[in-house]
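The values are calculated or read from the model by the stated rules, or taken from the named source; none is laboratory data. Since we're looking at a predicted model, the values are computed, not measured. Please note: Cβ atoms are built from the backbone with ideal geometry, for glycine as well, and neighbour counts cover all protein chains shown. All accessible areas refer to the heavy atoms of the entire protein, side chains included, with ligands and DNA or RNA removed. Shrake-Rupley method; radii C 1.70, N 1.55, O 1.52, S 1.80 Å.
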Amino acid sequence: MFASQLRPCTSSIAISRKLARRLQSTIAKDNVHASTKHSQMDTIIHDIVPTRDSTHQNPSEDILDSTVNNNSTGIPLLEKGIQKTDEITSKFQDYMYKFNKLPANYAANQILELEDQELQFELESILNQFNAPIKYAFGYGSGVFEQTGYNIKEKPQIDMIFGVTHPSHFHSLNMRQNPDHYSTLKYFGSEFIAKFQDIGAGIYFNPFVKINGHEVKYGIVSMKMLLKDLATWNTFYLAGRLQKPVKILKNDLRVQYWNQLNLKAAATIAKHLTLQKNNGKFDEFEFYKEITGISYLGDIRYVLGAENPNKVQNIVDKNFTRFQSYYEPIYKDVVINNSSYLPVGFTINNTTRKLRGRISRSSILQTLKGILTAGPAKSLRYAWAKKMKTFRK
């Protein structure tokens, strides 16, 4: 095992040294032409991000312990290389940077396939119904991934998020095509709706709309707001959502890059919490429960009893193998190799406290905003549907 660990160690150190030199060179040449700078950054990112392993590893406690009990001269060297690479990764914070490309298979774990090919086709057909431009889109929730506690004959609402470059332009076109999707706020115009959208978590939801025979709730978010949340956890509304398995329907390289770091950050915290709550023993199922539970810290819907209290357990129960696929390379990176990553300003000790406050604020504002964006009738219907879920086990 020592030999297999030493190889990535040597690679990590080589990448770190090479990347450090390139970063210094890039910083020293701030006046170079923009296209040249972009080309340099693409090369730097190509070196820094790891490619996805072809084989899945599922470590047990013994494997975790082996990182401590192995050769005392090799492991510190390995950890040093990993730590250096983590430090360099954390210094790149330009979440609006446009990548020309990413390394082959980088973040391929995010591209999940649905077993139900008919559902996958239906999701794509729903997306294709919109004439307004969409840069990034994904489906999520019980309408896409089954959860424990649902009647198999039920047809849950399909939840989707659309990332758009210019929200005002999107709403203008979409209100012409689908005026019935909007509440009376549409009469104030697309500019007003775009500004109203920015309140709270920066999402504008249209729930309970009929598209191709399906009941759909879709949210619109600006690409800037989406990327900022993934990179900085400023509201954690979308960052937390994307830490659970989703079905990507339209991809964007910037989201793919920053969400990979978002997943790594989730794994970093979840590993710590799992070991802390289990007397130093690691359990993979509990690890995914911790990841799922992070996004519900301080959520007003839980405080008010508007969510199923068993929701976290239900999500992981039915999606354990999807979590394994979604976190495949990150699991090895964080759990086995002790690599770590957190957004700037977050530490192992302050993350849960900071997130609880941010999630509470964003969930309160988003809930209040939803009353106006959905309209009174749809809001009552949505609240009732949520309340009914709390009675399910």
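Descriptive notes on the structure:
- Filter result for Tyr136 (over 27 Å from Phe323 (Cα atoms), surrounded by 20 or more Cβ atoms within 10 Å (Cβ to Cβ) and touching a residue at least 60 places away in the same chain (Cβ under 8 Å)): no
- Within the range 297-349, the set of residues being small (Gly, Ala, Ser) and within 27 Å of Thr232 (Cβ to Cβ) comprises Gly298, Ser325, Ser339, Ser340, Gly345.
- Of the residues making up the range 84-126, those that are in a loop (DSSP other than H, G, I, E, B) and among the acidic types (Asp, Glu) number 4.
- Inside the range 326-345, residues that are among the basic types (Lys, Arg) and over 27 Å from Lys247 (Cα atoms) make up a count of 0.
- Hits in the range 169-191 (condition: open to solvent by 10 Å² or more (accessible area, probe 1.4 Å), aromatic (Phe, Trp, Tyr) and in contact with a strand residue (DSSP E or B) (Cβ under 9 Å, 6 or more places away or on another chain)): Tyr182
- Enumeration of residues in the range 326-360 that are of a type outside the set (D, E, K, R) and open to solvent by 50 Å² or more (accessible area, probe 1.4 Å): Asn338, Ser340, Val344, Thr347, Ile348, Asn349
- Residue list for the range 242-261, filter: in a helix (DSSP H, G or I) and under 22 Å from Tyr204 (Cβ atoms): Arg254, Val255, Trp258, Asn259
- Figure legend. Inter-residue proximity from the range 246-258: first residues of a type in the set (Asp, Glu), second residues not in a strand (DSSP E or B), beta-carbon distance below 8 Å, spacing 6+ or different chains. Indicated pairs: Asp252/Lys135; Asp252/Met223.
- Here is the figure for the range 311-325: residues that are of a type in the set (Ser, Thr, Tyr), without any contact (Cβ under 8 Å) to a residue 60 or more places away in the chain and open to solvent by less than 60 Å² (accessible area, probe 1.4 Å) total 0.
- Helices (runs of 4 or more DSSP H) contained entirely in the range 265-339, each with at least 2 residues that are touching a Lys or Arg at 6+ places or on another chain (Cβ under 6 Å): 311-326, 328-331
- Some residue of the range 349-359 being farther than 26 Å from Val221 by Cβ and either touching a strand residue (DSSP E or B) at 6+ places or on another chain (Cβ under 7 Å) or modelled with pLDDT under 90 (or both): no
Each row is one residue, and each column tells you yes or no for (1) of a type in the set (A, V, I, L, M, F, W, C); (2) on the phi < 0 side of the Ramachandran plot; (3) open to solvent by less than 20 Å² (accessible area, probe 1.4 Å); (4) modelled with pLDDT under 95.
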site: Ile193; (1), (2), (3), (4): yes, yes, yes, no
site: Lys210; (1), (2), (3), (4): no, yes, no, no
site: Lys247; (1), (2), (3), (4): no, yes, yes, no
site: Asn259; (1), (2), (3), (4): no, yes, yes, no
site: Ala265; (1), (2), (3), (4): yes, yes, yes, no
site: His272; (1), (2), (3), (4): no, yes, no, no
site: Phe285; (1), (2), (3), (4): yes, yes, no, no
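- Of all residues making up the range 290-310, the number that are buried (at least 21 other Cβ atoms within 10 Å of the Cβ), touching a Ser or Thr at 6+ places or on another chain (Cβ under 9 Å) and without any contact (Cβ under 8 Å) to a residue 60 or more places away in the chain: 1
- So Leu275, is it within 26 Å of Leu102 (Cα to Cα) and among the hydrophobic types (A, V, I, L, M, F, W, C): no
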